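Report on the following structure.
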Amino acid sequence: MLYLWLAILVLTNGVWLALVPLALPGNWLIVTATLLVAWRQWEKRPFSIYTLVAIFILALLGEVVEFFGGMGGARKSGAGFRGSIGAILGAITGAIIGTAFLPFFGTILGSCIGAGIGAWSLELTAGRQMAESVHLGFGAGVGQFLGTTAKFAIGVTIWFIVAVAAFWP
């Protein structure tokens with residue numbers, strides 16, 4: 001019966017993983033589902049405490065990487081503090097607006113565009129030239145996309161760790 005639970009867990013975690021590119025908390029759903037199975041089957045010890053701590057830390061790392069992706073892209077392009085803050089605020093606002101207009105892919109598109117617009121607008125108000133501000137905004141948008149992609153890669157790692165730990169003797 002344990003292996004049936006573990007097989008269902010791995011398949012369900014695959015569904016949760018598919019939610020990550022849509023800017024939904026797929027990594028946390030993987031961690032939560034794994035913790036629930038570990039708790040439910042505690043006497044059989046399907047997962048070690050090290051595995052559970054590792055996937056929790058990886059999920060936390062994924063959130064940090066995604067959150068600061070736009071800021072990092074803006075900084076890498078040469079933005080100042082205002083542009084970096086604009087990228088973060090723009091990504092959050094853009095994700096909300098993007099989700100309202102295009103429920104699935106609008107979230108990631110909105111966060112990338114929002115990060116770009118946020119960095120661009122605050123750098124422009126800081127006195128930068130239009131061309132330079134556009135360049136910084138583009139860097140923020142690309143950084144946000146790379147942050148989301150890195151979060152997905154971390155999610156794949158979490159899924160793989162759980163899948164291997166579930167069936168490794």
(request) Please go through the stretch 121-169 and pick out each residue that is modelled with pLDDT of 95 or more and either among the basic types (Lys, Arg) or part of a loop (DSSP other than H, G, I, E, B) (or both). (result) Lys151
(message) I'd like the full set of residues that are crowded, with 21+ Cβ neighbours inside 10 Å and polar (S, T, N, Q), limited to the stretch 11-39.
(response) Asn13, Asn27, Thr34
(request) Output the helices (runs of 4 or more DSSP H) that fall wholly within the stretch 16-99 and possess 1 or more residues being at pLDDT below 95 and closer than 24 Å to Glu123 by Cβ, or say none. (result) 49-67, 69-77
(request) Could you tell me which of the residues Ile8, Ile57, Ile49 is surrounded by fewer than 18 Cβ atoms within 10 Å (Cβ to Cβ), under 15 Å from the mean Cα position of the chain (by Cα) and within 18 Å of Val162 (Cα to Cα)? (result) Ile57
(message) Need pairs with beta-carbon distance below 7 Å; first residue farther than 17 Å from Val20 by Cβ and within the stretch 60-81, second crowded, with 18+ Cβ neighbours inside 10 Å and hydroxyl-bearing (Ser, Thr, Tyr); sequence gap 6+ or separate chains.
(response) Met71/Ser84; Ala74/Ser84; Arg75/Ser84
(message) Condition first: over 12 Å from Gly143 (Cβ atoms) and under 15 Å from the mean Cα position of the chain (by Cα). Now tell me which residues in the stretch 107-123 satisfy that.
(response) Thr107, Ile108, Leu109, Gly110
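The values are calculated or read from the model by the stated rules, or taken from the named source; none is laboratory data. Quick caveat: nothing in here was measured; it's all calculated off a predicted structure. Ideal geometry is used to build each Cβ from the backbone, glycine not excepted, and the neighbour counts take in all protein chains shown.
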